[in-house]
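The values are calculated or read from the model by the stated rules, or taken from the named source; none is laboratory data. Because the structure is predicted, anything quoted here is derived from the model rather than measured. A quick note on method: Cβ atoms are made from the backbone with ideal geometry, for glycine too, and the neighbour counts reach across all protein chains shown. Accessible surface areas use protein heavy atoms only, side chains included; no ligands, DNA or RNA. Shrake-Rupley method; radii C 1.70, N 1.55, O 1.52, S 1.80 Å.
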Amino acid sequence: MAVQRTFSMIKPDATRRNLTGKIIAKFEDAGLRVVASKRVQWQRADAEEFYGIHKERPFFNDLVDFMISGPIVMQVLEGEDAVAKNRQVMGATNPADADAGTIRAEFAESIEANSVHGSDSPENAALEISQCFKEEEIVG
Ligand code: GDP
């Protein structure tokens, strides 16, 4: 498997609890490198655009409210098989189903406040990276 890039976000529940470093350590321990990073406060339109794919789901408004409730950390992660590896390190969406040792098993508060986002395919990774970073902000 070739070296890939994927998009990751540390969500407001985790920045609020000062867990940024502990979460990044999980990525690094799994062999992923942070090649771009920025901490931002999203406005409603940013979250609505990013999660537009979920706009028909019943939890959409709650998810948008949650994602603008505090700062997030956007990152590009690079490594072998980075998309799948990041999803592995994150664990299942619902922390109750997440494998032991994963970020969501250790840190998530709920199915919504689940500490991290990660792209679910190489195509979405490319899209999400280009939505949030300029090429010159990514330094491998
Ligand atoms: P992911 O790829 O594992 O993040 O999961 P999804 O793409 O299915 O969902 C996107 C995000 O929406 C999740 O990470 C959660 O923050 C939130 N979410 C997913 N399912 C639910 C749900 O049933 N209820 C609520 N309140 N939020 C949810």
Helices (runs of 4 or more DSSP H) wholly inside region 22-140 containing at least 2 residues that are open to solvent by 20 Å² or more (accessible area, probe 1.4 Å), at pLDDT 95 or above and over 16 Å from R5 (Cβ atoms): 44-50, 60-67, 103-107
Exclusive hit being under 22 Å from Q131 (Cβ atoms), of a type in the set (F, W, Y) and over 13 Å from the mean Cα position of the chain (by Cα), set F60, F7, F50: F60
Residue among K26, K11 that is in contact with a strand residue (DSSP E or B) (Cβ under 7 Å, 6 or more places away or on another chain) and among the basic types (K, R): K11
Region 51-72, residues that are farther than 9 Å from Q41 by Cα, β-branched (V, I, T) and away from the ligand (no atom under 12 Å from the Cβ): none
From the options V76, V116, V89, V40, residue that is closer than 16 Å to M9 by Cβ and within 10 Å of the ligand (Cβ to nearest atom): V116
Pair list, Cβ under 9 Å, 6 or more apart: region 1-19 residue open to solvent by 90 Å² or more (accessible area, probe 1.4 Å), other residue hydroxyl-bearing (S, T, Y) and part of a strand (DSSP E or B): none
